[in-house]
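One structure below.
The values are calculated or read from the model by the stated rules, or taken from the named source; none is laboratory data. Remember, it's a predicted structure, so these values are computed and weren't measured experimentally. No Cβ is skipped: glycine too gets one built from the backbone with ideal geometry, and neighbour counts run over all protein chains shown. Just the protein is used for accessible areas: all its heavy atoms, side chains included, with ligands, DNA and RNA removed. Shrake-Rupley method; radii C 1.70, N 1.55, O 1.52, S 1.80 Å.
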Amino acid sequence: MAAGNHHGRSTGQVGVIVIGYNDARHIGQAVRSALRQGPAVAEILVIDDASTDDTAAVVAEIARRQPRVRVVRRPVNSGGCGTPRNDGLREATAPYVMFLDSDDELPPGAIDALLTAAVRHRAPVVAGACLRRELPERRDTPWQHELYRRAAVLESPAELPRLVRDTLCVNKLYSRAFLSKHGVTFPDGAFRYEDFVFTARLLAASPRIALIPDPVYLWHVRRSAAHLSISLARSSVDNWLSRLEAHRSAVEVFENAGQKHMAHAARAKFLDHDLRMYVRELGTHHNDHHVEWWRHTREHLASFDESDLRAAGAPARWLARVVTGTDRPRDLTRLIALGNHPARLLPPYACVDGRPVWAAELPEIVLDRIESEPLSRLPVSIDAEPHIRVRPGHLRITVHELYGRLAAADPKSLDIELRRRSDGRVGLTRSTPLNARQGLEGPSWTAQILLSGLDMLAGRQAYGLDVWDVWARVRCADGSSLYTTVRATGSGLRRTVVPDRRHGVMLIQSYATSGGSLALRIAPGPGAAAVVVTRRLRRLMSRALSIGAPQ
């Protein structure tokens, strides 16, 4: 392994493999971000997967001016990401390689940070922090941040089985010789979630791994793109089937390598991440989708045992038990809420023989450990009914009991926070005492929170809507507390324009997110009101045309 200078850097040590298909709009930016990494980059291999747009022309022009850039054009589209990455591995000549997708970027200093750790620790694999950047908002969310809070060196992945949770291949630097020696490649062809299998093959080869907290990859998330990425295009059951296949293949890699503990960790990851993510999106699909999704998920979960379920968090293992315990979709509203982040368990709260269960008619589906989990980790449900059209605006809050845990803690007060989604800034905080009530379904606690001061949250741009998520903190007499999002309820979920002294008028829209949480869109000025009126007129005209159209 080549040694670097005293900083661990060395000229021409890394090859960056950029793959792209019909992405002329973004691929130039990706390649330039690799060029800006400096002299540590020996070569940038652009694998054009038979694009039919201007991708070839864009990268050819860059290669004409930059000798480190080499373009390889595939004659036929591979149908996936694995084959072009394998092509890049075969073409690479540098001692180290890393992967870059055509619509993403490498942040400044990424390769220097990775290469420094590789040389210093003689590690054939170095992994760094990845930021998911929502565009155009530019809101960054760390990916698997608990793995990258501090630097660490692992003699093998077995020291930290949670590494299976970072299935990305792009936030890592690899010794090309190590990959070649152990035959670590991607599945070829139209195989979705190919990085699941590549990462499993890598970890099963037991490399020394260095972890660094430096941001080394910017994963651009463009939800409004005309063609969504594989990870975002989840509207059909086929996407879920591809994910199941990739997960099965990854688990088989570990089992064939005799690494049962890593296979176990991969199954727990599936429950905590994959299952919850797809469950909370079920509300956007139709009944036929639900039936097919349920059937395939039950079949997949049949290979999981009780130890796999117990290794996952409470929401995930409870979801798995409901799906495997019934042969048809049921209680989807409750399941979607439990899959949310943070999770919430909606009433009713049934008990059989003193044990908390999902439903009285399903006594075998036990909600285990509810009595021992800290209150802060329980999926407590807090309902919020917005009333924005009346002045002053307010929220009617109901905190639901959860199998006696809240009653034992004795809730006393409630803090409501409005957090701006783009950066997490707290823009408004309100506090009030809670009032205990006894109903047919048991105790609950209620409050009314005034929302005066919403005008202070409105931005300066007339057409720029800020989104504010509503969070609640319940404080109890025993010193415990819980912090979670609130569930949007009631008939007040609507868009409205209200008079405002600062801006003349202000647009406020209260709505339920895909997970059912309450959020507010707020924008100032008559421009915002005009947008609302225009959209409403368009809807009315569209409705009138559809009614008048011949059948």
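In what order, largest first, do HIS247, HIS121, HIS341 sit by accessible area if the probe radius is 1.4 Å? Write down the numbers at each step before the final one.
Values: HIS247 10, HIS121 70, HIS341 105 Å².
Descending order: HIS341, HIS121, HIS247.
How many angstrom separate the Cα center of the range 176-202 from the Cα center of the range 62-113?
Between the Cα centre of the range 176-202 and that of the range 62-113, the gap is 15 Å.
By DSSP, what percent of the beta bridges with both residues in the chain are antiparallel, rounded to the nearest 5?
Expressed as a percentage, antiparallel bridges in the chain total about 70.
Can you report the principal axis dimensions of the range 407-520 using only the alpha carbons, biggest first, rounded to whole angstrom?
Principal-axis extents of the range 407-520 (Cα, largest first): 48, 28, 28 Å.
Averaging over all projection directions, find the projected area of the Cα convex hull of the chain and quote it in nm² with one decimal place.
30.2
By how many nm would the segment from GLU159 to ASP331 lengthen if fully extended, with 0.36 nm per residue of separation less the alpha-carbon distance?
That pair, GLU159 and ASP331, stretches by 58.0 nm at full extension.
What's the tally of Lys pairs in the chain whose alpha-carbon atoms lie under 30 angstrom apart, where the two lysines are 8 or more places apart or on different chains?
Count of close lysine pairs: 6.
Suppose R0 equals 25 Å. What FRET efficiency, 1/(1 + (r/R0)^6) with r the Cβ-Cβ distance, do MET277 and HIS182 give to the nearest 0.05?
So, using R0 = 25 Å, E works out to roughly 0.25.
First check a/c for the range 290-352, with a ≥ b ≥ c the square roots of the eigenvalues of its C-alpha gyration tensor; if it is under 1.5, answer rounded, and if not, answer prolate when a/b is larger than b/c or oblate otherwise.
oblate
Tally Lys and Arg at +1 and Asp and Glu at -1 over the other residues with C-beta under 11 Å from the C-beta of PRO84: what net charge comes out? Show your work: numbers first, answer last.
Details: positive: ARG73, ARG74, ARG85, ARG90; negative: ASP48, ASP49, ASP87, GLU91, ASP101, ASP188, GLU194.
So the environment of PRO84 carries a net charge of -3.
What length, rounded to one decimal in nm, is gained on full extension from ASP410 through to THR429, with 0.36 nm per residue of separation minus their alpha-carbon distance?
4.6 nm
Using a 10 Å Cβ count of at most 15 others and DSSP loop calls, identify the longest part of the chain lacking such GluC sites (Glu not before Pro). Mind dumping the intermediate values first?
On the way: sites that count: GLU137, GLU155, GLU361, GLU371, GLU441.
It works out to 156-360.
Given the -39500 (n - 2.57) contribution per DSSP H run of 4+ residues, what per-residue ellipticity at 222 nm results for the chain, rounded to the nearest 500 deg cm²/dmol?
One gets -9000 deg cm²/dmol as the mean residue ellipticity at 222 nm.
Can you give me the relative contact order of the chain as a percent, contacts being Cα pairs under 8 Å and 6 or more apart?
9 percent.
Tell me the net charge near HIS296. Cut-off is 11 Å between Cβ atoms, HIS296 excluded, with +1 for each Lys or Arg and -1 for each Asp or Glu.
-1
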